[in-house]
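Worksheet: one structure, shown below.
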Amino acid sequence: MACPFIAGGYGRCQPVGPACILSDMSSQRKRTIPCYQQVANILRAQIMGMEGESPVQLPTERDLCRIHEVSRETVRKAMEVLEADGLIERAPSRGTLTVPAGIRAWRRLRQARLITVATSVGSNPNVPASFYGRIMQGILSRAEQAGYSISFNHMRGHFPPISEDCGPEDPQRVLGAIVAGIQDERVIAMHTQVGYPVVSVDYWSRDPRADVVVVDCFGEGERAAEFLLEQGHRDLFYLGNAHGPQSGRQHEADADLMFAGFARALRRAGVDLPAERILFCRQSSEEVRSAVEQVTALRPRPTAGLVLSSSALRQFRAHLSGVGLSCPQDISLMCKSYVGEDLEAASLRGDADLMGRMAVDLLLERAAGRRCESVCVALRSRLQRGPTVRQISPRA
């Protein structure tokens, strides 16, 4: 058979982002995977994907150095790892050969007991108190309860550059994949096309083969409008997130969904929301300050508004003082948040930990054959009454 180590080489071994390791479910620490371990992981993945029952000779250390663009010492340490795994044997006269019995043993011990998680480094999955950090806590705790291990593939950004490092895992090695903090259909498709179960978390994928777990942003918008109306507010505004340069500005998906729910609840109550009271901006201080100026210049001036992100709400409150106003005395504010965020504000709080646990449950359900069709689970948020909204008239 053709040797896969050169013809199908992965190219240069690049440093990866910080991997998430849990010594227990309450603490998390960062580490950088050593380069020799990266090479060992690549070689192991190639070995596990080989077919046939005969030993295969690996390239020489010199060739492996060239393929992966690493030092000879790095290659030697990688080979020591594989030898300790029982996957290869080295002999001066024959070179390095794979060990079929060791490969079969490795598969028996690990087959269907590993779940891979593809996630965006930019989403702070390694910070337990962050939104994606809490999703990861839910994934890790639920997987541990069910007796499964987690491996991480850290990618750069919500729309990561596509390279061979971010490809799907060998389906003989993993049970399935959870994609969290990545909004790129290409990444999701790469995994669903392999054939194992895939769950997209916090992004409503269009891939019909993927399960989805999201926060019910539409419902959050409805509940926010109902709450503000209950407090007597009728002159309202909406501020959603946008990204990209001014010429090609795009709304975040959550921003549009939340606005749709907000506007629907207002229409149902007979309250008008003119176009000039609907704003979208990036979360930069300058753009939020500009939004404050636009809102406070409206006549009649709004008494309350829904701001999508907690970051924008904090900045909005700070910039109000620049125009001689304050929250909630002059303008009441509420936002989208998550359970556990250190935020003293009225907000709709999604349960990120529950999202992670639900993702594992959906994956295991599909893997066990208990369900064939994909599903989307939209989790409801909890209303947190906070000091940023005041009542201006008795409730009806």
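The values are calculated or read from the model by the stated rules, or taken from the named source; none is laboratory data. Not measured: the values here are computed from a predicted model. Cβ sites come from the backbone with ideal geometry, for glycine too, and all protein chains shown count toward neighbours. In case anyone asks, the SASA skips ligands and DNA or RNA and just uses the protein heavy atoms, side chains included. Shrake-Rupley method; radii C 1.70, N 1.55, O 1.52, S 1.80 Å.
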Hey, can you tell me all the residues within the range 171-202 that are at pLDDT 90 or above and among the hydroxyl-bearing types (Ser, Thr, Tyr)?
Ser200
Please list, ordered by residue number, the strands (runs of 3 or more DSSP E) wholly in the range 324-396 having 1 or more residues that are in contact with a Cys (Cβ under 6 Å, 6 or more places away or on another chain).
332-338, 346-350
Against the definition (under 30 Å from Pro197 (Cβ atoms) and assigned to a helix (DSSP H, G or I)), how does Ala312 come out, yes or no?
no
Residues in the range 294-309 that are touching a helix residue (DSSP H, G or I) at 6+ places or on another chain (Cβ under 7 Å) and surrounded by fewer than 17 Cβ atoms within 10 Å (Cβ to Cβ): how many?
1
Does Gly221 satisfy being modelled with pLDDT of 95 or more and in a loop (DSSP other than H, G, I, E, B)?
no
Of everything in the range 321-355 that's buried (at least 17 other Cβ atoms within 10 Å of the Cβ) and hydroxyl-bearing (Ser, Thr, Tyr), which residue is farthest from Ala143 (Cα to Cα)?
Ser332
Quick check on the range 248-262. Is at least one of its residues under 29 Å from Gln183 (Cβ atoms), without any contact (Cβ under 8 Å) to a residue 40 or more places away in the chain and open to solvent by less than 10 Å² (accessible area, probe 1.4 Å)?
no
Looking at the range 53-70, can you tell me whether even one residue there is basic (Lys, Arg), at pLDDT 85 or above and surrounded by fewer than 18 Cβ atoms within 10 Å (Cβ to Cβ)?
yes
All but one of (1) of a type in the set (Ser, Thr, Tyr); (2) at pLDDT 75 or above; (3) open to solvent by less than 50 Å² (accessible area, probe 1.4 Å) hold for Ser27; state the number of the condition that does not hold.
(2)
Would you please name the residue that is surrounded by the most Cβ atoms within 10 Å (Cβ to Cβ), looking only at residues in the range 180-197 that are touching a residue at least 60 places away in the same chain (Cβ under 8 Å) and in contact with a strand residue (DSSP E or B) (Cβ under 7 Å, 6 or more places away or on another chain)?
His191
Tyr238, sole failed condition from (1) of a type in the set (Ser, Thr, Tyr); (2) assigned to a helix (DSSP H, G or I); (3) within 18 Å of Arg390 (Cα to Cα)
(2)
